[in-house]
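Below: one structure, written as structure tokens.
The values are calculated or read from the model by the stated rules, or taken from the named source; none is laboratory data. Everything numeric here is computed off the predicted structure, so don't read it as measured data. Cβ: placed from backbone, ideal geometry, glycine included. Neighbour counts: every protein chain shown.
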Amino acid sequence: MAGGSILNAIPGYSDALKNAAKPLGETYMQHNAVNLEPLVMFVIALAVLFALVFAARGKLVKTQEAVIPDEKFTVRTFFELFLDTVMALMTEIMGAQHAKRVLPLLGTLGVVIFFSNFLGLMPGMLPPTDTINVNASMAIVVFVVTHIAGIQTNGIGHITHMANPVGTWWGWFLAPIMFPIEVIGHIVRPVSLTLRLMGNMIGDHAVLAIFLGLIPLLVPVPFLILGSIVCTVQTLVFCLLSMVYIGLALEEQHHDEEGHH
């Protein structure tokens, strides 16, 4: 995360972050002081999200008003549209039954990533999703849930599928080769989710910051529109890949049976 946010103009803000980061030591790769500003940006994004969620919840708790859709585009309409889209995608990938189980996780990740991405489009703010730590924490959650769901659904078959993906008797002869390849492939998944989101957010924010700095009025508008598209697409990509990973883990036993027949 290059540069700093507008919060650095607050007296004592930078010193407070540095003092809070001292007990954490240095970063492993570049041996620099730990930067806590991405965490601050993430907390701000979550605060905005929670405020909007509670605003939408006000109508949902009222039974009579909840069944009647809003006539205009409101906060409630946004969340309904967002979650309906996520649910529809999951239903196509993993079926309605599994989609209901996974919706709380991927729906939450989706809105968190969406608001974190769009925070970077606000002048003077930074997207927390352009740092490896924030993205890796979400990608690791997807990784862990993928294998927990796979083991819960398929039992030991989730592990044996990694050694014998084709599900035939002769496939076990290839297990010494296939199992390490499958393990590496599963480990690469969260790395790919992390770096893809981080790289796109860094590039998007850098371009926007350059044009806002050169000509702050009117000219950056097309880049704000382009940035909005990038933020939306990257949210979709993260969620869509997570759906595919979890969906594959939930359907491994079915594919093994087909291969056996």
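Quick notes on this structure:
- Filtering the range 84-118 to residues that are surrounded by 20 or more Cβ atoms within 10 Å (Cβ to Cβ) and hydroxyl-bearing (Ser, Thr, Tyr) leaves only Ser116.
- Ala139 being without any contact (Cβ under 8 Å) to a residue 40 or more places away in the chain and crowded, with 19+ Cβ neighbours inside 10 Å: no
- Condition met for Ala149 (small (Gly, Ala, Ser), assigned to a helix (DSSP H, G or I) and over 20 Å from Val233 (Cβ atoms)): yes
Residue-by-condition table, conditions (1) in a helix (DSSP H, G or I); (2) under 19 Å from the mean Cα position of the chain (by Cα); (3) without any contact (Cβ under 8 Å) to a residue 12 or more places away in the chain; (4) under 24 Å from Ser137 (Cβ atoms):
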| position | (1), (2), (3), (4) |
| --- | --- |
| Ala47 | yes, yes, yes, yes |
| Ala51 | yes, no, yes, yes |
| Gly58 | yes, no, yes, no |
| Asp84 | yes, yes, yes, no |
| Ile93 | yes, yes, no, yes |
| Leu103 | yes, yes, no, yes |
| Phe115 | yes, yes, no, yes |
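- Flag for Thr77 being at pLDDT 90 or above and of a type in the set (Ser, Thr, Tyr): no
- Of residues in the range 207-223 being surrounded by 14 or more Cβ atoms within 10 Å (Cβ to Cβ) and assigned to a helix (DSSP H, G or I), the one modelled with the lowest pLDDT: Leu212
- Residues (among the β-branched types (Val, Ile, Thr) and surrounded by fewer than 17 Cβ atoms within 10 Å (Cβ to Cβ)) located in the range 161-201: Val166, Thr168, Ile177, Ile181, Val183, Ile184, Ile187, Val188, Val191
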